[in-house]
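The values are calculated or read from the model by the stated rules, or taken from the named source; none is laboratory data. Just so you know, these numbers come straight off a predicted model, no measurement behind them. FYI the Cβ positions are ideal-geometry reconstructions off the backbone, even for glycines, and counts take in every protein chain you see. Side chains are part of the model used for accessible areas, which takes the heavy atoms of the whole protein and leaves out ligands, DNA and RNA. Shrake-Rupley method; radii C 1.70, N 1.55, O 1.52, S 1.80 Å.
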Amino acid sequence: MSCLSRTRSIHRMSLVFFALLASLPAIAQVVVQTNFEDGQPDGWVPRGNGTALSVATTQANTGSHSLLTTGRTQTFGGPSIDLSNVLTPGQLYIFTIYVRMQESQANDSIRMTMQSTINGSSTFNTVAGPATVTNGAWVKMVGAFTPATNTTGLLLYIEGANATSSYYIDDFTVAASNGGCSNPPDNSGFMSDFEDGTTQGWAGRGTAQVTNTAADSHSGAHSLLVTNRSASFTGPTLDITGKMCNGSQYAVILWVKMAPGQPQTTIRVSLQLSLGGALTFKTLIANAPVTASSWVRFKVKPYTFAGAYDNLQIYVESAETAAPFASFYIDDVSLQFLPPPVIEDIPSIGQTLRDDFLVGFATLQQDLVGPHGQLAARHYTSVTPGNDLKWDTTEPQEGNFNFAPGDNILAFAKAHNIKMRGHTFVWHSQVPNWVFQDANGVDMSTQPFSEANKQLLLSRMKNHITALINHYGDQLYVWDVVNEAIDESQANGFRRSKWYMITVDPNNDPGFPEYMDDAFIYAREALDALGIGREKVKLCYNDFNTTISAKRNFIYNWVKGAISRGVPIDCVGNQFHNTINFPIDDQGSAASKQSVIDTLNLFASLTSTAGVPIIDEVT
């Protein structure tokens, strides 16, 4: 059967049903269910060239039917189902499906992916997997996904890492969920001080044993002693199901001390989420050293919880890799719900200054949910992804691109009429190792200069730049093409990055790193190929500490020289890191207002190859 065949009136009745259940504990109301027992594909259609779907009776997880996918020619090919008119934006859903390889097929890595249409562009999110699937048994895949509030299209599909593999799917369900929380949520938190002489619900994880003790304490007279540990993950655990809800913020505090005679040990606090029988783990509070001589406080505030679960556990573990596994105390453990901050009703900064310049902020995609996102939407007119467009995110393996984080930020920007800046194509940091390795996996920067290595690196750079521009087109108004390539401590002013070491021939040095010129040339070529002119997308060189005269002069001279060589540079970004102490001057002190003015005026005196003044951008 298929819930997709239900009428709109029934769907409206379901919404009323949700309202009637609002005061009950965590619910999971099924909104889509397909099991193919009626002999029909139940709304599933082929995705990708060659893909064919057929209802089969050769295998079934339950009943006697399943859906077989054959003829795939692309990794993203497979069965797909349109959920655009079924799922409600902003609602959390739990997805479950069973997958099995066709008889005689080799194992494959299967993934459940959601393609969302947001403002006319596609965004891709992994809902579940990747999971290793065999032809010997059905594999259950479970995941959670919340459609963005501005989503207009939702297409779920099942893909495999092997572009030609064939597989069955069965018993697909989508259920609306509170993520494990009641409605309204339980915001009471908890406090464990062990002063009543009990373990207060804490238990041993694995072989660990927990005992209320008066031998030591952080406050009061009691604490919890953890012994008999046999692995790093064994320790005290507490069931906090319903205490943490998707999108809410919390403060977590606990105190830890090693038992007498135990060595210094690295301790951390983690969460275990169980959803549909699948376990996931999150680090709640990162590693810190603990000794037997004093109590150490572990604290996180605020912590934004994200995820869905049937069961949620908080536990304390260590980073030890071999026995013996040390014993320790915990005390005064608390979880406190943090109410969302109230956004002050003042005029928008960005709109107030809209006739003068853009007011921007840097962000990660996870920082755009809740009140932080609301505050950004109210006050800013430009956004720069802090890490989500850098090479280690967008192309972690050669040719394997991940645009989802950047797309999520772009979707937010479009929804709130905010322009987005691209940061960055070429930087010395956050670059995967493979970029600088030869065909044998050897770091090319450790080898004598060779033209072959240089061309290999430049070709990778060109492919990377072209791929990002082809994906984003004119949706971003500016790109930081090269970032922080100047080092004023070097005689010629250029940072001795791997980019420099691999592409500059010491025996035939042209006086500037050609990779910097080439990056701008490749970017403009890619934009020109799409018919996107310089009036739509600007190309920037970006750097910090530009108020230091030596550095600013090196940047100025390189930009001036590059313009004379015909390099299509449109702007210089001055990354000031504005605080009370930054930017800085030549003596390392806070720069004066005049030094900032001098820096901006210097670059404003340049004229680009397009015959227009270089744009100064303050970031």
Counting only residues in region 301-336 that are at pLDDT below 90 and of a type in the set (S, T, N, Q), the one nearest to Ile267 (Cα to Cα) is identified as Thr321
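Given the criteria open to solvent by less than 10 Å² (accessible area, probe 1.4 Å), closer than 24 Å to Ile253 by Cα, assigned to a loop (DSSP other than H, G, I, E, B) and among the hydroxyl-bearing types (Ser, Thr, Tyr), does Thr234 qualify? Full working, then the answer.
Values: open to solvent by less than 10 Å² (accessible area, probe 1.4 Å): yes; closer than 24 Å to Ile253 by Cα: yes; assigned to a loop (DSSP other than H, G, I, E, B): yes; among the hydroxyl-bearing types (Ser, Thr, Tyr): yes.
Judged against the criteria, Thr234 is a match.
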The number of residues in region 163-177 that are surrounded by 22 or more Cβ atoms within 10 Å (Cβ to Cβ) and not small (Gly, Ala, Ser) is 6
Residue under question is Trp391, and the condition is that it be modelled with pLDDT of 95 or more, open to solvent by less than 60 Å² (accessible area, probe 1.4 Å) and touching a helix residue (DSSP H, G or I) at 6+ places or on another chain (Cβ under 7 Å); does it hold? yes
So which of Ala22, Ala26 ends up being at pLDDT below 95, open to solvent by 50 Å² or more (accessible area, probe 1.4 Å) and assigned to a loop (DSSP other than H, G, I, E, B)? Ala26
In region 578-618, which residue that is under 21 Å from His423 (Cβ atoms), open to solvent by less than 60 Å² (accessible area, probe 1.4 Å) and part of a loop (DSSP other than H, G, I, E, B) is modelled with the lowest pLDDT? Pro583
Looking for something open to solvent by less than 50 Å² (accessible area, probe 1.4 Å), β-branched (Val, Ile, Thr) and over 30 Å from Lys414 (Cβ atoms) - is there at least one such residue anywhere in region 319-326? no
Report whether or not Lys538 is open to solvent by less than 50 Å² (accessible area, probe 1.4 Å), of a type in the set (Lys, Arg) and touching a strand residue (DSSP E or B) at 6+ places or on another chain (Cβ under 9 Å). no
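For residues that are of a type outside the set (D, E, K, R) and open to solvent by 50 Å² or more (accessible area, probe 1.4 Å), tally how many sit in region 268-299. Steps first, please.
Taking region 268-299 as the starting set, the residues that turn out to be of a type outside the set (D, E, K, R) are 269-281, 283-296, 298.
If we keep only those that are open to solvent by 50 Å² or more (accessible area, probe 1.4 Å) too, we end up with 277, 279-281, 283, 286-287, 289, 293-294.
Qualifying residue count for the region: 10.
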Among the residues of region 558-569, is any in contact (Cβ under 8 Å) with a residue 60 or more places away in the chain and open to solvent by 50 Å² or more (accessible area, probe 1.4 Å)? no
For region 189-247, which positions are among the aliphatic types (A, V, I, L, M) and out of contact with any Gly (no Cβ under 7 Å at 6 or more places or on another chain)? Met191, Ala203, Ala214, Ala215, Ala221, Leu224, Leu225, Ile240, Met244
Listed by range, strands (runs of 3 or more DSSP E) wholly within region 260-329 having at least 3 residues that are closer than 30 Å to Met141 by Cα are 265-275, 278-290, 311-318
Scanning region 362-371 for residues that are crowded, with 18+ Cβ neighbours inside 10 Å and not hydroxyl-bearing (Ser, Thr, Tyr) gives Gln365, Leu368
May I ask you to list pairs of residues, at least six apart or on different chains, whose Cβ atoms are under 6 Å apart, with the first in region 122-136 being at negative phi and the second being open to solvent by 40 Å² or more (accessible area, probe 1.4 Å) and in a loop (DSSP other than H, G, I, E, B)? Thr132/Asn107; Thr134/Asn107; Asn135/Glu103; Asn135/Gln105
Need a quick list: strands (runs of 3 or more DSSP E) entirely within region 56-140 having at least 1 residues that are open to solvent by 10 Å² or more (accessible area, probe 1.4 Å), among the aromatic types (Phe, Trp, Tyr) and farther than 28 Å from Asn183 by Cβ. 92-101, 121-133
Within region 473-507, which residues are within 21 Å of Thr547 (Cα to Cα), assigned to a loop (DSSP other than H, G, I, E, B) and open to solvent by less than 10 Å² (accessible area, probe 1.4 Å)? Ala485, Gly493
Among (1) within 20 Å of Lys301 (Cα to Cα); (2) in contact (Cβ under 8 Å) with a residue 24 or more places away in the chain, Asp367 falls short only on (2)
Look through region 485-523, keep the residues that are touching a Lys or Arg at 6+ places or on another chain (Cβ under 7 Å) and of a type outside the set (A, V, I, L, M, F, W, C), and return whichever of them is nearest to Asn402 (Cα to Cα). Tyr522
Please go through (1) closer than 27 Å to Thr393 by Cα; (2) among the β-branched types (Val, Ile, Thr); (3) at pLDDT 95 or above for Val127 and return the number of the only condition it doesn't satisfy. (3)
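Let me confirm something: among Asp331, Asp356, which residue is open to solvent by 80 Å² or more (accessible area, probe 1.4 Å) and of a type in the set (Asp, Glu)?
Numbers: Asp331 fails: open to solvent by 80 Å² or more (accessible area, probe 1.4 Å).
After ruling out the rest, the residue left standing is Asp356.
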Has region 203-226 got at least one residue that is in contact with a strand residue (DSSP E or B) (Cβ under 6 Å, 6 or more places away or on another chain) and within 30 Å of Thr96 (Cα to Cα)? yes
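Which members of region 338-395 meet the condition of being farther than 30 Å from Gly189 by Cβ, part of a loop (DSSP other than H, G, I, E, B) and within 13 Å of the chain's Cα centre (by Cα)? Walk me through it before giving the result.
Of the residues in region 338-395, the ones farther than 30 Å from Gly189 by Cβ are 346-362, 379-395.
Filter again for part of a loop (DSSP other than H, G, I, E, B), leaving 346-348, 353-359, 380-381, 386-390, 395.
Of everything in region 338-395, those that are farther than 30 Å from Gly189 by Cβ, part of a loop (DSSP other than H, G, I, E, B) and within 13 Å of the chain's Cα centre (by Cα) turn out to be Gly386, Asn387, Asp388, Leu389, Lys390.
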Is there a residue being among the charged types (D, E, K, R), more than 29 Å from the chain's Cα centre (by Cα) and buried (at least 21 other Cβ atoms within 10 Å of the Cβ) anywhere in region 249-267? yes
Hits in region 419-435 (condition: touching a residue at least 60 places away in the same chain (Cβ under 8 Å) and either open to solvent by 10 Å² or more (accessible area, probe 1.4 Å) or in a loop (DSSP other than H, G, I, E, B) (or both)): Lys419, His423, His428, Val431
Any residue in region 500-526 that's closer than 23 Å to Thr446 by Cα: show its pairings with residues that are open to solvent by less than 20 Å² (accessible area, probe 1.4 Å) and at pLDDT below 95 at Cβ separation under 6 Å, as long as the two are six or more apart or on different chains. none
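Between Ser450, Ser445, Ser459, which is in contact (Cβ under 8 Å) with a residue 24 or more places away in the chain, more than 21 Å from Cys571 (Cβ to Cβ) and hydroxyl-bearing (Ser, Thr, Tyr)? It would help to see each step written out before you state the result.
On the way: Ser450 fails: in contact (Cβ under 8 Å) with a residue 24 or more places away in the chain; Ser459 fails: in contact (Cβ under 8 Å) with a residue 24 or more places away in the chain.
When all the criteria are applied, what remains is Ser445.
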May I ask you to list the residues in region 180-230 that are free of Cβ contacts under 8 Å to residues at least 24 places away in the same chain, in a strand (DSSP E or B) and open to solvent by 50 Å² or more (accessible area, probe 1.4 Å)? Gln209, Thr211
